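Peer 1: This is the structure I have questions about; it appears just below.
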Amino acid sequence: MRVALFVTCLVALFRPTIGFAAVKLLENEGCTVEVPRAQTCCGQPAYNSGDRATAKAIALQVLEAFEDYDYVVAPSGSCAGMIRVHYPELFADDPGVSTRVQQLAKRSWELVSFLVDICGMQAVSARWERHATYHDACSGLRELGIKDQPRRLLASVDGLRLKELPGAETCCGFGGTFCVKYPDISDKMVSDKAADIVATGYQSVLAGDLGCLLNIAGKLQRLGGRVQVRHVAEVLAGMTDEAPPIGAPR
Amino acid sequence: MLATSRTFEANARAGLANPTLQRALGMMRSGFPERRRVAVERLPEFEALRDIGKSIKDHTLEHLDFYLELFEENVLSSGGQVHWARTPEEARAAVLQICRSVDAKIVTKGKSMIAEEVGLNEYLEQNGIAPVETDLGEYIIQLRHEPPSHLIAPAIHLMKEQVADTFRAEHRSLDPGRSLVEARQLCDEARAVLRPRFLTADVGITGANFLVAETGSSIIVTNEGNGDLTQTLPRVHIVMTSLEKLVPTLEDATTLLRLLARSATGQEFSSYTTVSTGPRRPGDLDGPEQYHVVLLDNGRSALLGGEFQDMLRCIRCAACMNHCPVYAAVGGHAYGWVYSGPMGAVLTPSLLGLAEAGHLPNASTFCGQCESVCPVKIPLPKMMRHWRERQFAEKLNPPVYRSGLSLWAWAARRPALYHALVELASRVLGWLGSGRGRFRTLPLANGWTAVRDLPAPEGRSFQSLWAERQKSGVKH
Amino acid sequence: MSEAREQILAGIRRSLNRGRLDAAHETALRERVAAHRRNLVPARAAALDDPGRIDLFIAMAEEVQATVTRVGSSAAVPEEIARYLAAENLPAEVVLAPDSTLADLPWDERPLLRTRRGRAQAGDAVSLTPCVAAIAKAGTLMLISGAETPTTLNFLPDTHIVVLRADQVVAAYEDGWDRLRTHGETPRTINFITGPSRTGDIEQRIELGAHGPRRLHIILIDDRRNVGDGESRCRSGVICCCGAKPCGA
């Protein structure tokens, strides 16, 4: 299977480790992974700001770069959701492009759901002695139905004890531009999320979206907490020794 | 009702800083969602019913003119009257004219969001008629001169101590030494104070959860029984309602009623669901002599056939706001008008305009929780996005925001340049932040760093590392 | 006002991008309404036999804080009322719906129970009414207004007692609509009552007796046991012993 990795703009800038973890997991499943050069972003910031023209221009860029692969995989529910769920809507009235976009959408997947639902992965051979809890990122959960898959794979990580987070499905308050447009409200939401995480008493929190993770890590650290924050792909790929937790010193 | 949606940001800040409100919102957060979840779990057909409810509403909206005419036909043939109101002014005038025709002095009211929308209470008071809210939550906020903060639980923002204070201040004829500590005592006092008002009212005004075209009926759903006392005891019963409440048949209403109580409070059915058709019949021993339906448009007909039509499916259950993390953070008053939470974020701009209500559809993370619990599957985030599209097209966003976005967009369409900039940023920020691994402050990122740290980038961009890996042929 | 009416209807048609529906279309819609087809009815009660349906009704009614007593015949109703009022420490005084089925009950067997017939007045403490049907799957009672059943009896008194016959217990609301339509014209008021009055408006704590009755007591006349063994259990297609329509509907 020829898989094109959709890196996502946040991973590209803040945490390439997640991209490499995704590559490792995909290659272990027998995929040939390529990273098309002409990718920058999925266009969601423009789309959610009401700028459909820019969103479409970026989407066309994505289409051109990715449409020749068997699958497109992104280590992010919100980016995968943008391509899978929203690109077809963006081009619903464009008969020339609509079919190609729908094809692309059908082949686009979030990383963990791709591994479980398409590759049939049931376990990983990684080891991580930790007590950790898991935050369900909103787009992945509600647009793509990602709930069981990460938990199933994490259950197979040697030494990992996973505990359910109360309010796991409640938004962390990131919401793209929301967190800087309405910082007071975003702060309340992420404070509640941080409090729920700290209350579990567990050492680590995981999620599948870097936007949520940067938000949560930033708040936990501002509060002086010591809970460690990682992307689920890093744990599943057994790469927890290769980079410190998000926001921790190198 | 006077709107303060324009000052949403300040309203929200006030809500966040209000400890009593925060305590009340905490109770709401742990109450309604859990009860709804249990009720939905008990009904295996719930998901299927959502689809059917959606299709009943869609069908009715597609043929709204027909069903309105059929409804009117049946109201008339059962002895009632219909008053068509294009605007809030016409609706208020119709009610006043009916009240004057029977020389009404006291008017009791069941809960009606349409009455709030048109500012009925103030208007009646200006014209010498005293409206008395009878729904306990509405009564409390009427005493406090506050607007409702929630679609079905208007006083949800209050703790019982505040209610007790209000009762002490307003029920001055009662013994000041009485105990008002328990909710039970507050309820009993309200019951005792309002009973004489029910009995002496000349006119009773209710809303309508549904209107049934088949029979010319209005349906109210209450738990207290106040709506029933309001509409049965006085000589005149006025229903204040709007066009989109219509459903074709009693069976259609039943399907939607199955969805309503479960979605709203987690009950299977509310204590009282009442179907009213016309005035009392010859031979009846009680009931009103007159039955009037005031049908308000106020912009709803304009929403048909457009990108906001789905909003007209709303059955006013409040599940969306019960599950919304933004509502749970700031409370209903922040939204500044009658309708709050996600449904308010979509409906208010259509009724008041974007200049007044522009913040509302923007104050959302699009988490999608609202849509997932809406009993009639309204795509609320999508419609909030449509409002953002209108704002963008009309250039209503702040200039700093617009130029920041277009700069980013310009770069994002030039991958080579974009990658160079990302590589540069990751090196610089990675180097600056390598000691602590994060930033407490960062120029241009004050919106973020004011309340949280910003984790530092790893120091190289993915693309540059990948290119190196490809060149050297190293694999993990 | 009729100008408003025309403008509103015209506005609707303009938004929907069409003119008035043609006659054929309107006829089809009228037929759809006249057929009033049932939408999906949840299965919970539909498959139950008679005793099962009644047990479900009682369980659901009690869950919403109504109280239910079974009696073997309508003759036992006045005695049950006297017992209930004494147990609740209420005065032995009831205002009755002037309904013929209630009038025929043996009130003279309980001379100390004071009764009045008519609508409710302020100060009435206890009322007694019949009902049209009871919905098993929700524990709901269906009552209608009429010359013999004034609505104020359902709401003004503190305690509302309802006489329900076993053959009135139906599975779902749709069965209630079917029964109602046999009555003829729609009445002024149809009440679906599920438990006593309540509110959650103060800190979402449920309190009973907001404005309507604090107590809802249901006297269920279950005289099926009086019939011979082979007929007491109803199965699909078998005419029920109590004379109701074939159950399993």
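Peer 1: I'm trying to understand the selection: among the residues of segment A:21-36, which are over 16 Å from residue A:63 (Cα atoms) and either free of Cβ contacts under 8 Å to residues at least 24 places away in the same chain or more than 7 Å from chain B (Cβ to nearest Cβ) (or both)?
Peer 2: A:21, A:22, A:23, A:25, A:26, A:27, A:28, A:29, A:30, A:31, A:32, A:33
Peer 1: Considering only residues that are in contact with a Leu (Cβ under 8 Å, 6 or more places away or on another chain) and either in the same structural domain as residue A:175 (by TED's automatic domain parsing) or surrounded by 24 or more Cβ atoms within 10 Å (Cβ to Cβ) (or both), which ones fall in segment A:56-78?
Peer 2: Passing the criteria: A:59, A:62, A:72, A:73, A:74, A:75, A:76, A:77.
Peer 1: I would also like to ask the following. Among the residues that make up segment B:242-262, is at least one of them in a strand (DSSP E or B), within 21 Å of residue B:115 (Cβ to Cβ) and under 18 Å from the mean Cα position of the chain (by Cα)?
Peer 2: yes
Peer 1: When you scan segment C:47-60, do you find a residue that is facing another protein chain (nearest Cβ under 9 Å), of a type outside the set (Lys, Arg) and either surrounded by 16 or more Cβ atoms within 10 Å (Cβ to Cβ) or over 30 Å from residue B:83 (Cα atoms) (or both), even just one?
Peer 2: Scanning segment C:47-60 turns up at least one residue that is facing another protein chain (nearest Cβ under 9 Å), of a type outside the set (Lys, Arg) and either surrounded by 16 or more Cβ atoms within 10 Å (Cβ to Cβ) or over 30 Å from residue B:83 (Cα atoms) (or both).
Peer 1: Okay, next question. Any residue in segment A:51-66 that's more than 7 Å from chain B (Cβ to nearest Cβ) and outside any helix (DSSP H, G or I): show its pairings with residues that are aliphatic (A, V, I, L, M) and surrounded by 22 or more Cβ atoms within 10 Å (Cβ to Cβ) at Cβ separation under 9 Å, as long as the two are six or more apart or on different chains.
Peer 2: Taking only residues 6 or more apart or on different chains, not a single pair turns up.
Peer 1: Go through segment B:57-172 and tell me which helices (runs of 4 or more DSSP H), entirely inside it, have 1 or more residues that are within 25 Å of residue B:327 (Cα to Cα) and assigned by TED's automatic domain parsing to the domain that holds residue B:255.
Peer 2: B:113-117, B:136-144, B:160-170
Peer 1: Is it the case that segment B:429-441 has a residue that's assigned to a strand (DSSP E or B) and touching a strand residue (DSSP E or B) at 6+ places or on another chain (Cβ under 6 Å)?
Peer 2: Within segment B:429-441, one or more residues are assigned to a strand (DSSP E or B) and touching a strand residue (DSSP E or B) at 6+ places or on another chain (Cβ under 6 Å).
Peer 1: Which one is surrounded by the most Cβ atoms within 10 Å (Cβ to Cβ) among residues in segment B:227-241 that are within 11 Å of another protein chain (Cβ to nearest Cβ) and not in a strand (DSSP E or B)?
Peer 2: B:227
Peer 1: Still on this structure, please answer the following. What are the residues in segment B:365-415 that are farther than 21 Å from residue B:50 by Cα, under 19 Å from the mean Cα position of the chain (by Cα) and among the hydroxyl-bearing types (Ser, Thr, Tyr), if any?
Peer 2: B:365
Peer 1: Go through segment C:136-202 and tell me which strands (runs of 3 or more DSSP E), entirely inside it, have 2 or more residues that are modelled with pLDDT of 95 or more, under 13 Å from the mean Cα position of the chain (by Cα) and at the interface with chain B (Cβ under 7 Å from one of its Cβ atoms).
Peer 2: Hits in segment C:136-202: C:189-193.
Peer 1: Still on this structure, please answer the following. Does segment C:190-202 contain at least one residue that is surrounded by fewer than 24 Cβ atoms within 10 Å (Cβ to Cβ) and farther than 23 Å from residue C:69 by Cβ?
Peer 2: yes
Peer 1: How many of the residues making up segment B:298-346 are out of contact with any strand residue (DSSP E or B) (no Cβ under 7 Å at 6 or more places or on another chain), at the interface with chain C (Cβ under 10 Å from one of its Cβ atoms) and either surrounded by 24 or more Cβ atoms within 10 Å (Cβ to Cβ) or not polar (S, T, N, Q) (or both)?
Peer 2: Of the residues in segment B:298-346, 7 are out of contact with any strand residue (DSSP E or B) (no Cβ under 7 Å at 6 or more places or on another chain), at the interface with chain C (Cβ under 10 Å from one of its Cβ atoms) and either surrounded by 24 or more Cβ atoms within 10 Å (Cβ to Cβ) or not polar (S, T, N, Q) (or both).
Peer 1: Determine whether segment B:327-342 contains at least one residue that is outside any helix (DSSP H, G or I) and of a type in the set (Ser, Thr, Tyr).
Peer 2: The answer is yes, given that some residue of segment B:327-342 is outside any helix (DSSP H, G or I) and of a type in the set (Ser, Thr, Tyr).
Peer 1: Those residues that are under 30 Å from residue B:56 (Cβ atoms), more than 10 Å from chain C (Cβ to nearest Cβ) and in a loop (DSSP other than H, G, I, E, B), I need them from segment B:173-215; list them, please.
Peer 2: B:207, B:208, B:209, listed by residue number.
Peer 1: Name the pairs: first residue in segment B:29-43 and free of Cβ contacts under 8 Å to residues at least 12 places away in the same chain, second residue crowded, with 18+ Cβ neighbours inside 10 Å, Cβ to Cβ under 6 Å, at least 6 apart or on different chains?
Peer 2: From residues that are free of Cβ contacts under 8 Å to residues at least 12 places away in the same chain, the pairs are B:31/C:204.
Peer 1: I'd like to verify a number: residues in segment A:41-50 that are touching a residue at least 60 places away in the same chain (Cβ under 8 Å) and more than 9 Å from chain B (Cβ to nearest Cβ), how many?
Peer 2: The number of residues fulfilling the criteria is 1.
The values are calculated or read from the model by the stated rules, or taken from the named source; none is laboratory data. Source: prediction; values computed, not measured. Cβ sites come from the backbone with ideal geometry, for glycine too, and all protein chains shown count toward neighbours.
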